[in-house]
Protein chains: 2
Amino acid sequence: MGGDAAPNMVVDGAALARERHPNIQFLLFGDETEIAPLLARHRALRDVVEVRHTDIQVKSTDRPSIALRQGRQSSMRLAINAVVDGEAGGVVSAGNTGALMAMSKFALKTMNGIDRPAICSCLPTLRGESVMLDLGANVECDQDNLVQFAIMGAAFARTILGLPRPTVGLLNVGEEEMKGNEAVKGAAAVLNQADLPLRFHGFIEGTDIAKGTTDVIVTDGFTGNVALKTMEGTANLFSQFLRTAFRQSTLSRLGYLLAKPSMKALRDRIDPRHHNGGVLLGLNGVSVKSHGGMDDVGFATAIGLAVDMVADDLVGRITADMAHFTDSDKKPDETQDRAVAR
Amino acid sequence: MGGDAAPNMVVDGAALARERHPNIQFLLFGDETEIAPLLARHRALRDVVEVRHTDIQVKSTDRPSIALRQGRQSSMRLAINAVVDGEAGGVVSAGNTGALMAMSKFALKTMNGIDRPAICSCLPTLRGESVMLDLGANVECDQDNLVQFAIMGAAFARTILGLPRPTVGLLNVGEEEMKGNEAVKGAAAVLNQADLPLRFHGFIEGTDIAKGTTDVIVTDGFTGNVALKTMEGTANLFSQFLRTAFRQSTLSRLGYLLAKPSMKALRDRIDPRHHNGGVLLGLNGVSVKSHGGMDDVGFATAIGLAVDMVADDLVGRITADMAHFTDSDKKPDETQDRAVAR
């Protein structure tokens, strides 16, 4: 029931996702009287969807703490519970972000070895796609948080981008070793030494995000959130300027008409619907947040993320990587000692 | 002598700036044998330029601390000294950023009432131009730093953007009061109450930077540096995608030819040369850093910033605003108390 165009885009998105992943089945939580007529339009969904009715919805304006306490019978919470109970492999919602995070964390619990879950997403880059975390779950992060984000982000990139050994960069104000705050310097020292299924690139700068210098971009939730939204704002600015430029003269209008198919291809490359889905990494289960303004195409992308995470047992991968990291971490190692000492 | 195309672009940039500001005079510090033939090409500079020869240059790879200790006779340091001695109104350099900051801070000294200087620049936005600080001088900032940045940034916007009462926004991960870390929450509480020549807008998000929601964008140097470089990277990504799109087919190539003048206008709007110049605010003097990759047009923009700051006595403005703020700050005020308590 969450999102600007729900439940339509959820049902249509499910139909689209089903075309791409022919084995998935859906539990839809929400108002059956609204959902049933929508489902009737999709013959392919008939035998693979079960609707679980509830009148209660988390509103986009609800505070997470209120949603957590008063929303036990809400469609969002019941969907998360289905993951806890093993009925569903993962949950996808376009509803209230804070509520989804709070409820997912409460019901699914944080994984062993992970201090704090992080929000992770895919971004379009010059090289293709990169993944970035944390995008806003934690406004302050220490060195351990950043190291755990690197491990989780690399596991996510292996699953979603299909890279056996993704490169990981730590976002900083410069590439030199002496740059940055204690958290990034400490995390870099640990990642430089750790035996993990990733290649640690070192520090990267803001320009490296869109360049796609690394497959994984690790940062604290404050910086990550600002950087992601700055990208979004800059892309909008550019689109707006481009529109104005094309409207400037009769010739440029004509030029636009000729270049129209290519401009559509450009729009497709940066279309946020193809990169939709914020994943809450670090929980004992798959929970994906779709942007609230998405249509069915965007929602299907978010469902696809959840499907891939389940199919590839991402939670198991992270658990194994963390266990391996914690084990090797226990060996006495002077570099390790130096990194932890602030 | 600093910058990729120095000293050519410095001399050519000075000539360009002189056309725009017919009263300025220049002291050029550097290798006279290189500078003299360049000057000979600019008749207009003949009587308004004095060359101060030195063989010594700060290299772009020098550590700031080394430059500070060993570069006392360098062209950069001698130029800064000219400001200290009152011979020059301000210094403009395209050289080593860290060295310019360290030397400027050492020689010009931080202003009374300012704990830490900040780097401030103009950015293109949908509404025109905004100013943003700190762009990297301070990787960690507390609430007092952010409040001082707001005061300095507003004074800068009054001078450079000509706005009598600029709007100021604090960069955060959300607009709601409860969002963010202690530093931004504390700074917001102070700025909401303070009697200052600015309109405090409250929290803004990454998307608001390019939108131009506020005239002044205040943030810590870590976030600001990442956000600025993220904008730069995203603009590059977009330009690259646009180029690829125009080259995609014969029709789109033809479309480009027709739209070429409008595309040039678009490039002009986001041309970094028109927004060049990072200003070190909070010192007892004017010190402007030009991007090292700039040509004469960009260097002239940076000179223009210095000229405006001197003509408008920006240092005096900030001193007066800080004195006023500190005075009103001393009055007992329960809101103030609440803001300072963490």
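Taken across the range B:156-164, residues that are of a type in the set (D, E, K, R) and over 28 Å from residue B:290 (Cα atoms) do not occur at all.
Here residue B:229 meets the list (1) more than 7 Å from every other protein chain (Cβ to nearest Cβ); (2) out of contact with any Leu (no Cβ under 7 Å at 6 or more places or on another chain); (3) more than 25 Å from residue A:259 (Cα to Cα) almost entirely, failing just condition (1). For the range A:55-75, residues that are modelled with pLDDT under 95 and hydroxyl-bearing (Ser, Thr, Tyr) total 3. When A:139, A:184 are screened for being at the interface with chain B (Cβ under 10 Å from one of its Cβ atoms) and outside any loop (DSSP other than H, G, I, E, B), only A:184 passes. Considering only residues in the range B:199-223 that are more than 7 Å from chain A (Cβ to nearest Cβ) and β-branched (Val, Ile, Thr), the one that is surrounded by the fewest Cβ atoms within 10 Å (Cβ to Cβ) turns out to be B:213. Name the residues in the range B:12-43 that are within 22 Å of residue B:71 (Cβ to Cβ) and in contact with a Lys or Arg (Cβ under 9 Å, 6 or more places away or on another chain), would you? Result: B:26, B:27, B:28, B:29, B:30, B:32. Regarding the range A:74-97, can at least one residue be identified that is within 14 Å of chain B (Cβ to nearest Cβ), out of contact with any Cys (no Cβ under 6 Å at 6 or more places or on another chain) and over 29 Å from residue A:25 (Cβ atoms)? No, every residue in the range A:74-97 fails to be within 14 Å of chain B (Cβ to nearest Cβ), out of contact with any Cys (no Cβ under 6 Å at 6 or more places or on another chain) and over 29 Å from residue A:25 (Cβ atoms). Quick one: residue A:201 ticks every box in (1) in a strand (DSSP E or B); (2) in contact with a helix residue (DSSP H, G or I) (Cβ under 7 Å, 6 or more places away or on another chain) except a single one, so which number is it? Only one criterion in (1) in a strand (DSSP E or B); (2) in contact with a helix residue (DSSP H, G or I) (Cβ under 7 Å, 6 or more places away or on another chain) is unmet by residue A:201, namely (2). Here residue B:104 clears all of (1) free of Cβ contacts under 8 Å to residues at least 60 places away in the same chain; (2) in a helix (DSSP H, G or I); (3) of a type outside the set (A, V, I, L, M, F, W, C); (4) more than 14 Å from chain A (Cβ to nearest Cβ) except the condition numbered (1). Summed over the range A:55-75, residues that are in contact with a helix residue (DSSP H, G or I) (Cβ under 6 Å, 6 or more places away or on another chain), in a helix (DSSP H, G or I) and within 21 Å of residue A:7 (Cβ to Cβ) total 1. Is it the case that residue A:171 is more than 8 Å from chain B (Cβ to nearest Cβ) and of a type in the set (A, V, I, L, M, F, W, C)? No; evaluated as a whole, the condition is false for this residue. Would you check if residue A:243 is basic (Lys, Arg) and more than 11 Å from every other protein chain (Cβ to nearest Cβ)? So residue A:243 does not fit the description; no.
Looking across the range B:140-152, the residues that are touching a helix residue (DSSP H, G or I) at 6+ places or on another chain (Cβ under 7 Å) and surrounded by 20 or more Cβ atoms within 10 Å (Cβ to Cβ) come down to B:141, B:143, B:146, B:147, B:150, B:151, B:152. Selection over the range B:301-313 of residues that are buried (at least 23 other Cβ atoms within 10 Å of the Cβ) and under 17 Å from residue B:88 (Cβ atoms) gives a count of 5. Evaluate the range A:224-234: report whether one residue or more is crowded, with 18+ Cβ neighbours inside 10 Å and more than 30 Å from residue A:110 (Cα to Cα). Checked against the condition, which is being crowded, with 18+ Cβ neighbours inside 10 Å and more than 30 Å from residue A:110 (Cα to Cα), the range A:224-234 yields at least one hit.
Within the range A:101-131, the set of residues being out of contact with any Gly (no Cβ under 8 Å at 6 or more places or on another chain) and either under 23 Å from residue A:226 (Cβ atoms) or polar (S, T, N, Q) (or both) comprises A:101, A:102, A:105, A:112, A:115, A:123, A:124.
Screening residue A:130 on (1) crowded, with 24+ Cβ neighbours inside 10 Å; (2) farther than 18 Å from residue B:233 by Cα; (3) not aliphatic (A, V, I, L, M) shows it passes everything except condition (2). Just the residues that are within 14 Å of chain A (Cβ to nearest Cβ) and not aliphatic (A, V, I, L, M), please, taken from the range B:107-136. Answer for the range B:107-136, where residues must be within 14 Å of chain A (Cβ to nearest Cβ) and not aliphatic (A, V, I, L, M): B:121, B:124, B:125, B:127, B:128, B:129, B:130, B:134, B:136. Only residues that are more than 8 Å from chain A (Cβ to nearest Cβ) and in contact with a Pro (Cβ under 7 Å, 6 or more places away or on another chain) were counted in the range B:246-290, giving 5.
The values are calculated or read from the model by the stated rules, or taken from the named source; none is laboratory data. In this text the structure is predicted, and so the values were computed from the model without any measurement. Cβ sites come from the backbone with ideal geometry, for glycine too, and all protein chains shown count toward neighbours.
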